[in-house]
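For reference, the structure is listed below as structure tokens.
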Amino acid sequence: MPAAHRYRIWPADPGAHLYEVRLTVAEPDPDGQVFAMPAWIPGSYMIRDYAKHVVAARAESDGRDVGVRKLDKSRWLAAPCDREVTLVLEVFAYDDSVRGAHLDTTHAFFNGTCVFPAVVGQEDTACEVEIVAPDAPHGKGWRVATSMRRTTADEYGYGGYRADDYAELIDHPVEIGELSIGEFDAGGIAHAIAIRGKTKVDMARLCHDLQTVCEQHQSLLGIPGDFDRYLFLLNAPGKGYGGLEHRWSSALVCARDNLPARGDEEVSDEYRTFLGLVSHEYFHLWNVKRMKPAAFTPYDLSQETHTGLLWVYEGITSYYDDLALVRSGLITVESYLELVGRTITRVIRGGGRRRQSVEASSFDAWTKFYKQDANAVNAVVSYYAKGALIALCLDLKLRSETDGEASLDDVMKAAWDRWRDTGMPEDGFEKLCIEVSGLDLQDFFDATVRGTGELPLEALLKTHGVDYRLRRSAGGKDMGGKPSKDGKLPAVWLGATLAALDGRTSVTAVHNDGPAERAGVAPGDELVALDGLRIDISGCEARTRRYRPGDRSELAVFRGDELITLRMRWAEAPEDTCYLELAESPETDAATRRTAWLGH
Ligand SMILES: [Zn+2]
């Protein structure tokens with residue numbers, strides 16, 4: 001094996017958000033060494049062209065400058081050298097999301113995809129990484145947190161690390177800042193959470209709950225052979241939400257107030273959301289980080305890589321994230337059913353489910369799901385949300401039609417055994433479901449995965465002692481999952497989604513065939529008056545309650561700076577809001593199945 005590549009990263013100028021990155025290659029290509037920055041980061045299926053943040057690139061060898069030229073948007077060529085060559089990059093980093101790189105005077109965070117170029121042709125070579133502290137006065141009290149394997153790093157985390165190859169190098173995000181760190185053991189493996197932000201969190205409770213979630217997932221698929229540590233990197237600002245999975249860690253963002261304070265005992269809605277996020281990213285350490293679609297083995301980070309299977313990796317993970325919370329006892333069955341009811345509500349409120357299959361949504365994630373235009377509500381279905389409901393249906397169908405002999409758990413165990421080291425072929429998951437259950441599932445997959453058929457949720461939930469209920473929406477803040485508080489629901493709807501932007505009421509989406517669309521309302525319109533009276537969002541909802549289907553109204557909207565008057569006829573509000581209830585007196589079989597499914 002050639003000598004390891006040597007990467008050195010230094011937060012050179014926190015005020016200007018600039019890192020200096022040096023990469024030394026001991027045995028460069030004699031014809032000139034090519035370096036490449038990824039165009040995307042695994043787990044987030046959108047072209048981001050990280051090379052665009054490189055402000056300057058140069059190379060040196062033996063103390064002398066070596067010519068460097070750009071080959072295309074992501075690659076550089078260093079002139080031939082007969083000894084080691086060092087590429088020096090200045091990288092602008094001001095993206096505080098889990099997919100980016102950030103540096104300011106309060107902290108540093110980076111993904112390797114954003115700062116470390118690959119040595120083209122030598123991607124399998126081991127990488128040594130040196131993380132250098134920023135110059136004073138910056139970085140006082142900062143520490144480094146990363147799952148990368150330490151070699152010479154000091155007590156603050158500055159110094160040497162090592163990764164086996166480039167794919168591993170970019171799978172360890174790094175946080176440097178003032179951190180609160182909690183440590184716990186799950187299944188005999190050392191786990192930690194490093195939290196950045198001014199939180200006053202009940203760390204003991206947090207670690208206890210995280211351990212519960214992690215061990216729940218471990219009990220399903222077992223501990224992978226190369227899994228010997230895990231780190232949750234959590235950025236907790238005032239608001240925000242998101243996560244990105246890695247093999248030995250995950251990068252998370254959540255609002256600091258979502259974390260439990262000392263003295264809190266309940267699981268608030270916000271904390272439940274955080275636990276769901278943690279659970280989701282942790283399940284990915286099996287489902288997509290080790291067991292992947294064949295199209296991702298290996299990842300081609302230079303361009304879009306299409307697969308129809310993202311619903312398996314994101315949808316099934318979204319199913320198991322909340323399921324693990326109820327199975328482990330962290331949340332109640334009622335709380336779990338509320339979450340499922342909300343997911344159903346999200347899916348049935350989007351007309352996109354009638355136009356796009358989850359297979360197509362997976363395939364076109366790059367240009368549709370990740371780049372949603374004003375028509376997305378009518379044209380795009382979420383492979384997360386509908387994928388989770390397909391997983392739910394599959395699980396319940398297998399359980400009820402095999403008399404409890406098979407379940408989605410069995411399919412996932414078999415999938416893990418088969419594809420943990422190789423890629424899952426595009427038709428692999430469906431074939432495996434049929435193989436494990438012995439059922440004829442082709443019609444189910446035709447309708448729900450390849451097609452846009454409605455999911456048989458009501459019938460399947462009934463076999464597990466759960467009643468499926470629909471009602472009209474109470475308004476913009478109504479996410480479903482619960483019955484209506486007072487039963488007084490508006491009889492009509494506008495057929496448009498509104499948002500308050502800069503003090504204005506903007507139309508963000510217009511539903512096909514709704515009253516707003518038929519009246520000529522367009523996305524981006526500013527709604528100013530209804531029947532001659534000024535309205536805002538809350539006023540619009542309150543006033544909507546005064547109309548009945550068939551009533552006519554006049555809407556005044558600004559499109560750009562032009563005032564337009566539109567005539568609208570109100571239509572009956574759809575029953576697009578779902579909640580689930582435990583059946584009052586389920587048949588014995590259904591009650592038994594429900595216990596086997598939810599673990600209570
Ligand atoms: Zn995910």
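The values are calculated or read from the model by the stated rules, or taken from the named source; none is laboratory data. Note that the structure is predicted; figures quoted are calculated from it, not measured. Here the Cβ positions follow ideal geometry from the backbone for every residue, glycine too, while neighbour counts run over all protein chains shown. Ligands, DNA and RNA are excluded from the accessible area calculation, which covers all protein heavy atoms including side chains. Shrake-Rupley method; radii C 1.70, N 1.55, O 1.52, S 1.80 Å.
For the set HIS138, HIS208, solvent exposure ranked by accessible area (probe 1.4 Å, protein chains only) runs largest to smallest as HIS208, HIS138. Shown for segment 307-349: the carbon plus sulfur share of the solvent-accessible area, taken with all protein chains present and a 1.4 angstrom probe, equals 51%. Within the shell of other residues whose beta carbon sits under 9 angstrom from the beta carbon of PRO11, the net charge comes to -3, with Lys and Arg scored +1 and Asp and Glu -1. With all protein chains kept in place, the per residue accessible area of segment 433-548 amounts to 53 square angstrom at a probe of 1.4 angstrom. Altogether, the Stokes-Einstein calculation at 20 °C and 1.002 mPa s, with the Kirkwood radius of the chain over Cα pairs as Rh, returns a diffusion coefficient of 81 µm²/s.
Around the Cα centre of segment 360-470, unit charges on the Cβ atoms of Lys, Arg, Asp and Glu (plus for the first two, minus for the last two) sum to a dipole of about 460 debye. Percent relative contact order of segment 130-180, based on C-alpha pairs within less than 8 angstrom and at least six residues apart? Averaging sequence separation for qualifying contacts and normalising by length gives 43 percent for segment 130-180. Against the main long axis of the alpha-carbon atoms of the chain, helix 333-349 sits at an angle near 90°. To the nearest ten degrees, helix 588-598 and the longest principal axis of the Cα atoms of the chain are 30 degrees apart. Residues in segment 52-64 carry Karplus couplings, in order, of 5, 8, 7, 8, 8, 9, 8, 9, 9, 8, 6, x, 10 Hz; the curve used is 6.51 cos²θ - 1.76 cosθ + 1.60 with θ = phi - 60°, and Gly or Pro positions show x. Based on C-alpha pairs under 8 angstrom that are at least 6 apart in sequence, the chain has a relative contact order of 10 percent. Annotation for segment 502-600: trypsin sites (Lys or Arg not before Pro) lying in DSSP loop with at most 15 further Cβ atoms inside 10 Å of their Cβ are ARG545, ARG546.
The Cβ shell under 9 Å around ASP257 holds other residues with a net charge of +1, Lys and Arg each +1, Asp and Glu each -1. Per the Cα gyration tensor, segment 435-593 maps to an equivalent ellipsoid with semi-axes of 40, 20, 13 Å, ordered largest to smallest. Would you please classify the overall shape of segment 267-382 from the alpha carbon gyration tensor, given that a ≥ b ≥ c denote the square roots of the eigenvalues, rounded means a/c under 1.5, and beyond that prolate means a/b larger than b/c while oblate covers the rest? It comes out oblate by the Cα gyration axes. Whole-Hz Karplus values for segment 565-580 come out as 9, 10, 9, 10, 10, 5, 10, 4, 5, x, 7, 10, 10, 10, 9, 10 Hz, taken residue by residue from phi with 6.51 cos²θ - 1.76 cosθ + 1.60 and θ = phi - 60°; glycine and proline positions read x. Going through segment 148-234, which chymotrypsin sites (Phe, Trp or Tyr not before Pro) have at most 14 other Cβ atoms within 10 Å and a DSSP loop state? Counting only loop positions with at most 14 other Cβ atoms within 10 Å, the chymotrypsin sites (Phe, Trp or Tyr not before Pro) in segment 148-234 are TYR156. The Cβ shell under 13 Å around VAL129 holds other residues with a net charge of 0, Lys and Arg each +1, Asp and Glu each -1.
With each label modelled as a point 7 angstrom along the Cα→C-beta vector, the ASP257-GLU572 pair spans 4.0 nm. Please name which of LEU221, LEU87, VAL174 has its Cα lying farthest along the dipole of the chain towards the positive end, using unit charges on Cβ (Lys, Arg +1; Asp, Glu -1) and the Cα centre as origin. Most positive-ward Cα: VAL174. Note that segment 236-369 presents 34 Å² accessible area per residue, ligands and nucleic acids not counted, probe 1.4 Å. The mean sequence separation of alpha-carbon pairs under 8 Å and at least six residues apart, normalised by the residue count of segment 453-529, gives a relative contact order of 19 percent.
Pairs from the list LYS200/LYS482; LYS239/LYS477; LYS397/LYS482; LYS239/LYS371; LYS289/LYS368; LYS140/LYS239 with a Cα-Cα gap above 27 Å: LYS200/LYS482.
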